[in-house]
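What follows is a set of notes on a single structure, which appears directly below.
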Amino acid sequence: MAPRLARLTAGVLMAIAAVTGLTAVTAGVAAAATVPSGYPTDVRVSQDRVAGTATVTWTSAGVTWGTGTTHQYKLGMGSPTPTSPGPNTCQGTITASASGGGSCTFTPHGYGVYYVLITPVTEVGASRYFASAPVPVGGPTGKPIDVTVTQTPGDDDVVVTWTSTGVTWGLAPQSSRQFDVQVQLPDGDYTSGMRDDSCGYHPIPAAAGTALNRCTFPVGSGTETVLVTAKTAYGSSDATASKTVTFVPPHGAPNDLTLTTKPGTGQVTATWTSAGVTSWGSAGEHWYWIQATGPDGKDVELGDCAAQPAAAGNGTNMCTFTVTTAGTYTVSVTPTAGGMGATATKTVDVTLTGTAAPAAPTKVTATPGANTAAVSWTAPTGGGAVTGYTVTATADNYPTRSCRGTVTGTVCTISDLAAGVTYTVHVVAHGPGGDSPEATAALSSPPTGTPRVPTALPAKTVPSGSVTAAAGEHVTFAGSGFKPGSTVALAVYSTPVDLGTATVAADGTFTKTVTLPTGLPAGSHHLLAAGLGPDGTVRYVTKAVTVPAAGLPITGGTTTPIVVTAVALLLLGAALVAATDGRITHRLRRRPVTAA
């Protein structure tokens, strides 16, 4: 009975081993080799913020090595960035230390949580379990605690200084440590990219240790706030240091503002000094802001007059502008430096009853369209009043075209232009005092659309042979080098007579049989084809035509009618000769022969 029970027990243990993977040990049978079990339970992580590295250490606590004698750890990593960490000893297999533990070091390449996986292994096999060591790598923490903002009265730059005191940089090396500096305006907006300053445009490299960081920005208006935030390649700190600075605006306003006008011209001149401005406030640069409104309540364009530096001492400032509408104008002058001061205001009545002609229009532009040009310009800013404009487009050998109707605004469209031709646009202002000088501009490119024949034969053409033909005859005209699918206009010169149009084939050629006008006088003439080249500019092809005087032979052209007539005349002559010869022979036969 005892041997049977022993055999049964051994069979059960072997069955359990088959299911669980454990090795069954029975009395009298040697134990099989076993793999390690468990995992390190005392994993520790440390970070070297100077070297920018992370180190993971552990002992063999929690590990049962089994029967193997080669004690090692298989290491693996999980990275939050696509770039692998490096240098890196936390991957591969390392030998356990004499005490049974181990360590590895890596350099993070980005922000996030890294994981180091530690699995005990021997020559028999690996444990079914591993230790996972999270290594959080983040941006800096804290904020500078010693930010100072200094604005010296009369100096146009505000100086900001601080150190890294109060900032913990994390793993980032010194080369990637920076500060973001922003200057917040009273309305909540920021000056970054808006003013010429060294604080707001680019991150500022952090000075090493407790060395001073520095940047400047121009004097502003009202109370502004300076914000300083530490950042690295791993992110930005959640804390921001702030410091405010308040700029003092000027006090007082010019008390001697004077407005004068030049009768009949619409010209207004404002003059003033800094008398009445008791203090310029914070800024070293002193400026005036000038505005003018017309009788319609709208602002007047002042150009460079709108802002100007204050004249030194009690020197005189001046602003001159010209208007085109009579009425009452209001001019205001405000000192500005670190904010706006008080405003001096005066009004003046402007009359436009003089005899001065308008000044020339400015900023003329012409944009081509399909046989059109859209023209715009800026009204004159000097001289007398303007009642309207004449706008024309001119080109050599083409009719002058104009904007239709009465033009009183500063835009209009000229129509019926020839495609491909280079035009010049002319704008003249008219007023009670006469006409302005002419303002001109060339079209940015030739008009598109349909070609037109010129009023005279152009000086530069491409010749395409010659022909002699009488008025009223048909002549074949061919040319090449045109834009495929476009239309060419045909005419005969000296005085141009329209001969219709032809369509250009895919290879850039055209062929057309035309009829010479019946009234075309004897002499030299030219057929002309006006079309578009591949680049959209006009192209001219000509064929010389000679019309002979009446009664002269024709050596070219279409000869079929002449040949038919000649043949008919020859046949008629032959018939007459034959008939005459017959009658003479008959008479000779009837005449008697007389002896000598």
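The values are calculated or read from the model by the stated rules, or taken from the named source; none is laboratory data. Being a predicted model, the structure only gives us computed values, none of them experimental. Glycine gets a Cβ as well: all are built from the backbone with ideal geometry, and neighbour counts include every protein chain shown. Accessible surface areas use protein heavy atoms only, side chains included; no ligands, DNA or RNA. Shrake-Rupley method; radii C 1.70, N 1.55, O 1.52, S 1.80 Å.
Annotations
- Among residues of the range 383-409, those that are in a loop (DSSP other than H, G, I, E, B), touching a Ser or Thr at 6+ places or on another chain (Cβ under 8 Å) and either surrounded by fewer than 18 Cβ atoms within 10 Å (Cβ to Cβ) or among the acidic types (Asp, Glu) (or both), counted: 4
- Selection count where residues are open to solvent by 30 Å² or more (accessible area, probe 1.4 Å), assigned to a strand (DSSP E or B) and either within 21 Å of Leu417 (Cβ to Cβ) or not aliphatic (A, V, I, L, M) (or both), scope the range 441-467: 6
- Filter pass, Val149 being open to solvent by less than 70 Å² (accessible area, probe 1.4 Å), in a strand (DSSP E or B) and either free of Cβ contacts under 8 Å to residues at least 24 places away in the same chain or of a type outside the set (D, E, K, R) (or both): yes
- Filtered residues of the range 279-300 (kept if farther than 23 Å from Val158 by Cα, open to solvent by 60 Å² or more (accessible area, probe 1.4 Å) and in contact (Cβ under 8 Å) with a residue 24 or more places away in the chain): Gln291, Pro295, Asp296
- Annotation: Ala429 fulfils all but one of (1) over 28 Å from Val538 (Cβ atoms); (2) part of a loop (DSSP other than H, G, I, E, B); (3) aliphatic (A, V, I, L, M); the unmet one is (2).
- Residue match in the range 210-222 (condition: crowded, with 17+ Cβ neighbours inside 10 Å, more than 30 Å from Ser436 (Cα to Cα) and among the β-branched types (Val, Ile, Thr)): yes
- Condition met for Ala419 (modelled with pLDDT of 95 or more, assigned to a loop (DSSP other than H, G, I, E, B) and under 26 Å from Thr448 (Cα atoms)): yes
- Filtered by the rule that a residue be polar (S, T, N, Q), under 38 Å from the mean Cα position of the chain (by Cα), at pLDDT below 90 and part of a loop (DSSP other than H, G, I, E, B), the range 219-274 gives Ser221, Ser237.
- Every residue from the range 483-508 that is in contact (Cβ under 8 Å) with a residue 24 or more places away in the chain, surrounded by 15 or more Cβ atoms within 10 Å (Cβ to Cβ) and of a type outside the set (Ser, Thr, Tyr): Lys483, Val488, Ala489, Leu490, Ala491, Val492, Pro496, Leu499, Ala502, Val504, Gly508
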